[in-house]
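Q: Take this structure first; my questions come after.
The values are calculated or read from the model by the stated rules, or taken from the named source; none is laboratory data. None of the values given here were measured: they were computed from a predicted structure. Backbone-built Cβ (ideal geometry, glycine too); neighbour counts: all protein chains shown. Just so you know, the surface numbers come from the protein's heavy atoms only, side chains and all, with ligands and any DNA or RNA stripped out. Shrake-Rupley method; radii C 1.70, N 1.55, O 1.52, S 1.80 Å.
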Amino acid sequence: MKKSLFVLIALVLLGTTGFSFAQDKNGSNPKMSPKARVARQHARIKNGVKNGTITKSQHKQLAQQGKAINSQRKADLAANGGKMPQSDRAQLEKEQNARSQEIKADKASNQ
């Protein structure tokens with residue numbers, strides 16, 4: 001009885017972990033895609049504006065950066081038939097890392 005219960009629990013846990021590793025058609029995790037990351041950053045900015053840790057001028061600057069990153073992502077995808085080369089993805093990730101750090105710095109400077 002104990003053994004079958006343990007096996008059942010192990011199967012359930014194994015089955016549910018598969019959802020966290022779900023991939024899109026390009027073989028990557030959609031939650032970690034550049035598009036999803038821009039959306040998460042936008043939510044962070046929106047929350048910062050709402051709670052007063054990001055000013056309107058900082059919001060405007062961050063929004064412009066987000067639009068530039070998103071348009072660059074779209075251009076990279078269009079230029080390469082809907083797939084993003086690793087070099088372009090690395091550059092995009094670098095820009096998103098910088099934006100993320102700027103969001104963090106802006107929030108910290110206004111607290």
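Q: Looking at segment 85-99, which of the residues that are without any contact (Cβ under 8 Å) to a residue 60 or more places away in the chain, open to solvent by less than 50 Å² (accessible area, probe 1.4 Å) and in a helix (DSSP H, G or I) is farthest from residue 44 (Cα to Cα)?
A: In the first step, residues of segment 85-99 are kept if they are without any contact (Cβ under 8 Å) to a residue 60 or more places away in the chain; the result is 85-95, 97-99.
Those still in the list that are open to solvent by less than 50 Å² (accessible area, probe 1.4 Å) too: 85, 88, 92, 99.
Restricting the remaining residues to those that are in a helix (DSSP H, G or I) gives 88, 92, 99.
Details: 88: 25, 92: 19, 99: 11 Å.
If we take residues in segment 85-99 being without any contact (Cβ under 8 Å) to a residue 60 or more places away in the chain, open to solvent by less than 50 Å² (accessible area, probe 1.4 Å) and in a helix (DSSP H, G or I), then 88 is farthest from residue 44 (Cα to Cα).
Q: Restrict the check to segment 20-34 and report whether at least one residue is part of a helix (DSSP H, G or I), open to solvent by 50 Å² or more (accessible area, probe 1.4 Å) and either at pLDDT 85 or above or among the small types (Gly, Ala, Ser) (or both). Break it down into steps so the answer makes sense when it comes.
A: Looking only at segment 20-34, we keep the residues that are part of a helix (DSSP H, G or I), and these are 20, 30-32, 34.
If we keep only those that are open to solvent by 50 Å² or more (accessible area, probe 1.4 Å) as well, we get 20, 30-32.
Now narrow it down to the ones that are either at pLDDT 85 or above or among the small types (Gly, Ala, Ser) (or both): 20.
Yes.
Q: Within segment 53-67, work out how many residues are under 16 Å from residue 36 (Cα atoms) and touching a residue at least 12 places away in the same chain (Cβ under 8 Å). Lay out the reasoning, then the answer.
A: At the first step, the residues of segment 53-67 found to be under 16 Å from residue 36 (Cα atoms) are 63, 65-67.
Of the ones still in play, those that are also touching a residue at least 12 places away in the same chain (Cβ under 8 Å) are 63, 65-66.
Adding up the residues that qualify gives 3.
Q: Let me ask you something else. For segment 54-73, check the following and say yes or no: at least one residue is among the hydroxyl-bearing types (Ser, Thr, Tyr), in contact with a Lys or Arg (Cβ under 8 Å, 6 or more places away or on another chain) and not in a helix (DSSP H, G or I).
A: No, that holds for no residue.
Q: Assuming residue 64 fulfils every condition listed in (1) modelled with pLDDT under 90; (2) surrounded by fewer than 11 Cβ atoms within 10 Å (Cβ to Cβ) apart from one, which condition is it?
A: It is condition (1) that residue 64 fails.
Q: Considering each residue of segment 78-111, count those that are of a type in the set (A, V, I, L, M, F, W, C), within 16 Å of residue 36 (Cα to Cα) and in contact with an Asp or Glu (Cβ under 9 Å, 6 or more places away or on another chain), and give that number.
A: Counting residues in segment 78-111 that are of a type in the set (A, V, I, L, M, F, W, C), within 16 Å of residue 36 (Cα to Cα) and in contact with an Asp or Glu (Cβ under 9 Å, 6 or more places away or on another chain) gives 2.
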